[in-house]
1. Could you list, in sequence order, the residues of the stretch 253-296 that are in a loop (DSSP other than H, G, I, E, B) and out of contact with any Leu (no Cβ under 7 Å at 6 or more places or on another chain)?
2. In the stretch 372-392, what residues are of a type in the set (Gly, Ala, Ser) and in contact (Cβ under 8 Å) with a residue 40 or more places away in the chain?
3. Take PHE263 and decide whether it is among the aromatic types (Phe, Trp, Tyr) and over 22 Å from the mean Cα position of the chain (by Cα).
4. Tell me the residue from THR369, THR395 that is under 11 Å from THR341 (Cα atoms), among the hydroxyl-bearing types (Ser, Thr, Tyr) and touching a residue at least 24 places away in the same chain (Cβ under 8 Å), please.
5. Among (1) under 34 Å from the mean Cα position of the chain (by Cα); (2) over 18 Å from PRO431 (Cα atoms), there is one condition HIS403 misses while meeting the rest; what is its number?
6. Restricted to the stretch 408-428, and to residues that are more than 17 Å from ALA377 (Cα to Cα) and among the aliphatic types (A, V, I, L, M), which residue is surrounded by the most Cβ atoms within 10 Å (Cβ to Cβ)?
7. So for the stretch 219-230 (the condition being basic (Lys, Arg), without any contact (Cβ under 8 Å) to a residue 60 or more places away in the chain and within 23 Å of GLY34 (Cα to Cα)), does at least one residue qualify?
Amino acid sequence: MALSGLEIYKYLPKENCKECGVATCLAFAMKVAGGQAGLDACPRLSDEAKTSLGEASAPPQQLVRIGAGEKAIEIGQETVLFRHEDKFHHPTAVAVCVNDGLDASALEERCKAIAALSFDRMGKTMGVDLVAVYNASGDSGRFVEAAKTANATAKKPLALISPDPGGLRAAAEAVKNERPLLWAMRADQDLDAVIAAAKDLALPLCLEADGFEGLAAAAEKTRGAGLKELVLSPGKTSTSAGLEFLAQSRRAAIAKKFRPMGFPIAMLAMDDDPLKAVVDASWYVLKYAGIVVTNSVQPEQLLAILTTRQDIYADPQVPVQVTPGLHTVGDPGPNAPVLVTTNFALSYYSVESEVESSRVASNIIAVDTEGTSVLTAWAADKFTAESIAKALSETAVAEKVSHKKVVIPGLVAVLSGSLQDDSGWDVIVGPREASGLVSFLKSQWKA
Ligand code: SF4
């Protein structure tokens, strides 16, 4: 039975040293009870306490680290079935597959293309998290070379995928210091060899086998052998079977506390039809996958998957916001426009991207509305003549420009008179939507 925070607290050292990343032992106990932290995070916990607390305090889903150093990623340790119950904690790792059947130069080119995929969205830089090296050739020598090339060229954490435990061990040994994920296809057919390779090299292991029962049995045996960092995969499935598996395994882990399924799930979203691959990957991201492997290196396809991930892994209880204050686009001179919006990320980045498209270097003031949009903030008295005048004054933007004209969103045109009175600036009512800014800045703005 799950332990309460207070029951766990009794066993903790009560030193409040913060080494677990939490301010007090009591707060740490509460996180462990909520499944948001594992006992491993407290380096001062005695072996005796670990034994006493045992499995009862383990998170319902294991945290798995893949890669080494700053490049390392974490997946798993999710605590809820539905995002609105709390939030999803560790974003799905997006992996692109390379196979060792390619000749050396084609392999290198593909790895370079993967490394170059980088997107800025809502103030975050996103890219591919993992390179999945697939032993398509069946030749362990080629697999080793492909793993080395992917490691040297893509410079991303690796997943090494093979049905051959010997090939997996050889490739893993070649890049062992990078802490790759060993992905054993048909693991149930040679489980002892797979377990031995992962144990000897101290690496995380992905078990691929058919069906829920087959995977649960393989996971239970692997757990019994002392391996904790596991990932489970049903292998290649239809979209509907994949989604059914994801929902079933997540429910078993979180709602039923069924330990053999308490691991992140890796899914294959590979298809000759790139649209289908993107749609499958996006479904799997939305429905609990810890890793999705796709075969596309086309930027527009990857961006669709990463956008889905960014949205579903945003904390629903925290408005996505940018830092309030003065932001600039380009190198604004004394005649540059001064535009005002709120610090809700979607509002701000919509304005910023349209200003960028206009190629008119500008000042943008993000007024602190606690991350709410223009109309919501106006209705809640957070985007008022007073708050805009205050932002104009605090950012000292008047010292950077030679005029006193400020552009406000057309949706709050009603504020123009009072803002003029409060701030002493001439108020220009801009377009109602950010999409009107390009033509506004090019044809209407005059300092
Ligand atoms: Fe308490 Fe351990 Fe956290 Fe230190 S690391 S605050 S002793 S729980």
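The values are calculated or read from the model by the stated rules, or taken from the named source; none is laboratory data. Model, not experiment: these values are computed from the prediction. All Cβ positions, glycine included, derive from the backbone under ideal geometry; neighbour counts span all protein chains shown.
1. Selection gives LYS256, LYS257, PHE258, GLY262, PRO264, MET270, ASP271, ASP272, ASP273, GLY290, ASN295.
2. ALA391 - this is the single residue of the stretch 372-392 that is of a type in the set (Gly, Ala, Ser) and in contact (Cβ under 8 Å) with a residue 40 or more places away in the chain.
3. For PHE263, the condition - among the aromatic types (Phe, Trp, Tyr) and over 22 Å from the mean Cα position of the chain (by Cα) - is not met.
4. Going through THR369, THR395 in turn, the sole match is THR369.
5. Against the list (1) under 34 Å from the mean Cα position of the chain (by Cα); (2) over 18 Å from PRO431 (Cα atoms), HIS403 comes up short only on (1).
6. This residue is VAL427.
7. Yes: the stretch 219-230 contains one or more residues that are basic (Lys, Arg), without any contact (Cβ under 8 Å) to a residue 60 or more places away in the chain and within 23 Å of GLY34 (Cα to Cα).
Here is a yes/no grid of residues against (1) more than 28 Å from VAL320 (Cα to Cα); (2) in contact with a strand residue (DSSP E or B) (Cβ under 7 Å, 6 or more places away or on another chain); (3) at pLDDT 95 or above:
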| site | (1), (2), (3) |
| --- | --- |
| ARG110 | yes, yes, yes |
| ASP120 | no, no, no |
| GLY123 | no, no, no |
| TYR134 | yes, yes, yes |
| ARG142 | yes, no, yes |
| GLU145 | yes, no, yes |
| ALA152 | yes, no, yes |
| LEU158 | yes, yes, yes |
